[in-house]
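The values are calculated or read from the model by the stated rules, or taken from the named source; none is laboratory data. Quick caveat, the model's predicted, so the values are computed rather than measured. Here Cβ is always computed from backbone atoms with ideal geometry, including for glycine, and neighbour counts include all displayed protein chains. These area figures cover heavy atoms from the full protein model, side chains too; ligands, DNA and RNA do not enter into them. Shrake-Rupley method; radii C 1.70, N 1.55, O 1.52, S 1.80 Å.
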Amino acid sequence: MAGGRHRRRQAAAGDLKAWHAALAELPALGKGKVYGGRGAVAPVGAAVQRGSAYLVRADEITTRSVQSVPSAELKDPAKAQAHYAALQKQFEAAFPGYSLPYLIGYGIYGLVDSKVK
């Protein structure tokens, strides 16, 4: 949810439905502000909208990328690293104004793994 910065995803965070559900709960907390761990302070509504849009785009980018690589390659840790690096570059291109792109690399494998068949 950090405004203007890439999100770090843990391995278990490949479940985007859970992320969207968590974002959907925030407006019920009131009309306050969200203080992102590494992001700018933002009104709840704007933070939820931006966070949801980021997750939708992240899902699209990752899905398209995973579909272009053989599953066996993504399951091989040695071969998957190059794919993760390329995917990080795709995220950086899709969100050019976002900072902290290294956060993508910390957890993108969880989102990729959730899509590998």
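Is it the case that some residue within the stretch 41-50 is out of contact with any Asp or Glu (no Cβ under 6 Å at 6 or more places or on another chain), assigned to a helix (DSSP H, G or I), closer than 21 Å to Lys17 by Cβ and modelled with pLDDT under 85? Taking every residue of the stretch 41-50 in turn, none turns out to be out of contact with any Asp or Glu (no Cβ under 6 Å at 6 or more places or on another chain), assigned to a helix (DSSP H, G or I), closer than 21 Å to Lys17 by Cβ and modelled with pLDDT under 85.
Kindly evaluate Arg7 against the criterion of being modelled with pLDDT under 90, part of a loop (DSSP other than H, G, I, E, B) and crowded, with 20+ Cβ neighbours inside 10 Å. In short, yes. If only residues of the stretch 75-117 that are of a type in the set (Val, Ile, Thr) and touching a His at 6+ places or on another chain (Cβ under 8 Å) are counted, the one that is surrounded by the fewest Cβ atoms within 10 Å (Cβ to Cβ) is Val112. Looking across the stretch 51-74, just one residue is open to solvent by less than 70 Å² (accessible area, probe 1.4 Å) and not in a helix (DSSP H, G or I), and that is Val69. Within the bounds of the stretch 14-28, is there any residue that is touching a helix residue (DSSP H, G or I) at 6+ places or on another chain (Cβ under 6 Å), surrounded by 13 or more Cβ atoms within 10 Å (Cβ to Cβ), modelled with pLDDT of 90 or more and among the aromatic types (Phe, Trp, Tyr)? No: the stretch 14-28 contains no residue that is touching a helix residue (DSSP H, G or I) at 6+ places or on another chain (Cβ under 6 Å), surrounded by 13 or more Cβ atoms within 10 Å (Cβ to Cβ), modelled with pLDDT of 90 or more and among the aromatic types (Phe, Trp, Tyr).
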